[in-house]
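The values are calculated or read from the model by the stated rules, or taken from the named source; none is laboratory data. Just so you know, these numbers come straight off a predicted model, no measurement behind them. No Cβ is skipped: glycine too gets one built from the backbone with ideal geometry, and neighbour counts run over all protein chains shown.
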Amino acid sequence: MSMERMIEKARRLLKGGRVERLDNGRFNVIGDHGTYTVVQAPDGTITCSCPGFMDKRRCSHSTAVVILTNFDRRARQ
């Protein structure tokens, strides 16, 4: 999947309210093929439990969390 398409899909997940903030940098993301856990460590490192992330080290679920947390960070400034 191209980066452009991944970002588009991540934005769709956010707009659809499919990203749920849990605790300690953990998020549930309801994807098209299941619900996945995304974890963002304090150092910014991110992981996702979906098969795509396991294979390619990036996915729309983790991208959605990065977009959300970057937005939150900017809003607090």
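Numbers for the structure displayed
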| item | result |
| --- | --- |
| Residues (closer than 19 Å to GLY34 by Cβ and basic (Lys, Arg)) located in segment 6-23 | LYS9, ARG12, ARG18, ARG21 |
| Test for ILE30: is it of a type in the set (Val, Ile, Thr) and in contact with a Leu (Cβ under 7 Å, 6 or more places away or on another chain) | no |
| Matching entry among VAL19, VAL29, VAL39 (being in contact with a Phe, Trp or Tyr (Cβ under 8 Å, 6 or more places away or on another chain), without any contact (Cβ under 8 Å) to a residue 24 or more places away in the chain and surrounded by 15 or more Cβ atoms within 10 Å (Cβ to Cβ)) | VAL39 |
| Entirely in the chain, the helices (runs of 4 or more DSSP H) that have 2 or more residues that are acidic (Asp, Glu) | 3-15 |
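Yes/no matrix, rows are residues, columns are (1) at pLDDT 95 or above; (2) within 10 Å of the chain's Cα centre (by Cα); (3) of a type in the set (D, E, K, R):
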position	(1), (2), (3)
LYS9	yes, no, yes
LEU14	yes, yes, no
VAL19	yes, yes, no
VAL39	yes, yes, no
ASP43	no, no, yes
ILE46	yes, yes, no
SER62	yes, yes, no
ASP72	no, no, yes
